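The values are calculated or read from the model by the stated rules, or taken from the named source; none is laboratory data. What you see is a predicted model; the values in this text were computed from it and never measured. Every residue, glycine among them, receives a Cβ derived from its backbone with ideal geometry; neighbour counts consider all protein chains shown.
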């Protein structure tokens with residue numbers, strides 16, 4: 001098979017400068033780069049020791065040191081990767097050391113800070129100001145101005161809110177109290193988002209980094225190619241499936257675009273898909289990784305911690321919507337392939353999915369163990385620790401197994417290694433550490449062992465680098481959460497939404513959606529979710545929407561914000577690979593991602609779509625019949641929308657057929673009396689007349 005087109009690094013006209021992510025580059029081979037590489041490994045090691053419970057540090061200390069490592073690494077790393085002049089690099093190191101110093105100050109002064117809580121010393125206030133200043137600078141340097149400006153507005157509201165008119169005015173707070181609230185304790189930058197970043201998120205990022213290094217991307221791609229590469233529009237279907245698989249372990253939409261998209265976008269273009277459509281498919285599928293169980297991106301962990309529920313409850317609520325989301329994207333590329341006459345690849349040029357699984361079946365074991373533990377009620381931290389430990393043992397054992405003389409001995413070796421990993425439940429982390437130490441020693445002497453050790457070392461460093469934007473975003477949005485707890489301003493906005501919702505729930509939902517999409521202009525999904533859920537979540541709950549459904553509502557539209565213009569971060573990340581304008585890609589992504597816009601609204605009116613109790617439908621016909629009914633109705637609405645957007649089903653649609661399909665789709669989505677009956681009737685009318693017209697057109701004259 002001809003090799004796919006090599007993507008260019010040039011950004012097309014219309015893409016913003018922020019498309020280029022310096023963190024996507026490797027650590028430079030300079031002396032400074034080696035120092036940063038060592039800091040990254042130390043960061044990951046600290047997080048692993050913390051997750052395993054070997055350090056025994058208080059939660060507040062873990063959070064402060066976590067943020068300190070983020071500051072120490074991000075400033076000099078950005079300056080080095082951007083090839084800044086020496087004076088800028090020196091300033092970056094100073095800022096990084098200050099940031100780490102703040103974390104160490106909270107470590108050293110942990111008990112005294114607790115004893116004088118609410119009555120800080122002048123030095124505490126100075127340290128607090130430094131921590132906030134360094135955090136704002138780091139966020140600006142890494143993510144641009146949008147998030148620092150929004151968080152700065154909330155911080156200013158704490159300081160000068162008493163000068164605003166009613167009902168937005170506050171009682172006024174002294175400077176030292178605001179700084180103490182934001183910089184110390186667990187209400188500001190060291191709040192729940194930072195706790196989740198310092199525990200679950202970092203661990204799962206390392207988990208994904210090790211699996212990617214072990215060849216998980218190749219496994220997913222080979223399986224996807226073997227399953228659907230021969231079908232109509234096969235290359236685009238490969239993009240949807242492989243990106244969905246990758247989303248299961250990475251949970252990062254933009255990261256999926258720049259990794260999986262390097263293969264899938266050129267492949268789609270090579271077989272006839274328009275560049276904008278190819279980029280839109282990859283962006284849509286990659287962003288869907290954040291709603292794909294079991295990992296679901298970092299937001300799911302924050303959601304579970306915020307709501308005080310088990311992680312598996314969040315996963316269960318996301319299962320049906322995730323399936324529908326990827327089915328929608330799959331359907332869109334199938335229709336586009338039919339419209340343009342694009343066929344799949346010859347079977348003899350495709351990899352065998354069975355051979356791919358036979359060669360790398362062991363890579364699925366950590367993921368399977370993770371799913372089992374999460375659904376068995378274990379905490380994400382415990383499940384992630386087990387998953388990571390199994391992955392590390394598999395990677396370290398891979399080169400050892402290859403050195404064994406026959407297949408039987410290899411199977412025995414893997415079974416024995418699996419028993420050791422399973423003994424973690426009885427003997428604790430030390431049995432895994434001992435096994436890992438033995439494997440490291442053996443790898444020093446077997447063929448390929450040194451490369452395996454280098455891969456593990458590089459995965460530690462890459463994991464720490466990948467965690468930088470997530471960790472920094474979690475820290476700075478703590479200012480917004482802290483503002484809510486200090487001033488209670490969320491109640492004002494919530495009352496406004498509730499007042500609208502009493503007269504029209506749909507208007508409240510639209511207002512919340514617009515808020516999510518506007519905040520998503522340059523803000524990652526995590527802070528977007530935290531801001532909107534803090535403000536709008538309680539208001540939607542007051543309107544009778546189940547708590548988990550209301551949080552999933554803002555979560556979904558936080559994801560969609562990365563696909564909608566004018567920013568559309570995932571689409572602009574795909575732009576240099578597709579060699580197309582990011583805005584054109586965004587317009588195609590919106591068409592493909594219909595489910596992402598439809599599902600949240602339908603779940604509000606029929607919570608059974610997210611396997612949640614409540615709603616008139618479940619009360620009238622029962623819970624499980626309601627689940628079946630709403631899934632069928634949603635699937636039909638999405639199918640009709642895809643047909644209307646693409647303009648093709650069995651044959652090309654006439655203009656009036658597209659209008660009919662659109663009206664039928666929206667009738668099924670709307671939650672008003674007899675809208676479902678109208679939608680089903682119009683759907684029957686559309687399919688009946690279209691199939692008849694297609695049959696007539698196919699008959700010879």
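Before moving on, here are some points about what is shown:
- Residue within the stretch 660-675 that is more than 35 Å from the chain's Cα centre (by Cα), in a helix (DSSP H, G or I) and closer than 23 Å to residue 338 by Cβ present: yes
- Residues satisfying the stated conditions in the stretch 145-158, i.e. under 17 Å from residue 469 (Cα atoms) and assigned to a helix (DSSP H, G or I): 146, 147, 148, 149, 150, 151
- Here is the figure for the stretch 50-88: residues that are surrounded by fewer than 18 Cβ atoms within 10 Å (Cβ to Cβ), closer than 24 Å to residue 34 by Cβ and touching a residue at least 12 places away in the same chain (Cβ under 8 Å) total 1.
- Pairs where the first residue, in the stretch 222-236, is at positive phi and the second is buried (at least 23 other Cβ atoms within 10 Å of the Cβ) and part of a helix (DSSP H, G or I), C-beta under 9 Å, 6+ apart: 233/268; 233/333; 233/336; 233/337
- Scanning the stretch 159-186 for residues that are part of a helix (DSSP H, G or I) and within 20 Å of residue 533 (Cβ to Cβ) returns a single hit, 182.
- Restricting attention to the stretch 529-560, the residues that are more than 12 Å from the chain's Cα centre (by Cα) and either in a helix (DSSP H, G or I) or under 22 Å from residue 197 (Cα atoms) (or both) add up to 22.
- Of residues in the stretch 589-608 being over 13 Å from residue 557 (Cβ atoms) and more than 21 Å from the chain's Cα centre (by Cα), the one surrounded by the fewest Cβ atoms within 10 Å (Cβ to Cβ): 605
Yes/no matrix, rows are residues, columns are (1) more than 29 Å from the chain's Cα centre (by Cα); (2) surrounded by 20 or more Cβ atoms within 10 Å (Cβ to Cβ); (3) over 15 Å from residue 226 (Cβ atoms); (4) modelled with pLDDT of 80 or more:
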{"position": "326", "(1), (2), (3), (4)": "no, yes, yes, yes"}
{"position": "330", "(1), (2), (3), (4)": "no, yes, yes, yes"}
{"position": "333", "(1), (2), (3), (4)": "no, yes, yes, yes"}
{"position": "337", "(1), (2), (3), (4)": "no, yes, yes, yes"}
{"position": "342", "(1), (2), (3), (4)": "yes, no, yes, no"}
{"position": "361", "(1), (2), (3), (4)": "no, no, no, no"}
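- Filter result for the condition that a residue is surrounded by fewer than 18 Cβ atoms within 10 Å (Cβ to Cβ) and closer than 30 Å to residue 74 by Cβ, over 410, 454: 454
- Here residue 612 fulfils each of the conditions (1) surrounded by fewer than 17 Cβ atoms within 10 Å (Cβ to Cβ); (2) in contact (Cβ under 8 Å) with a residue 24 or more places away in the chain; (3) not in a helix (DSSP H, G or I) apart from (1).
- Annotation: residue 169 fulfils all but one of (1) under 25 Å from residue 576 (Cα atoms); (2) surrounded by fewer than 22 Cβ atoms within 10 Å (Cβ to Cβ); the unmet one is (1).
- Selected residue [outside any helix (DSSP H, G or I) and buried (at least 19 other Cβ atoms within 10 Å of the Cβ)] from 241, 189: 189
- Qualifying residue in the stretch 609-627 (condition: within 22 Å of residue 662 (Cβ to Cβ) and outside the structural domain of residue 678 (by TED's automatic domain parsing)): yes
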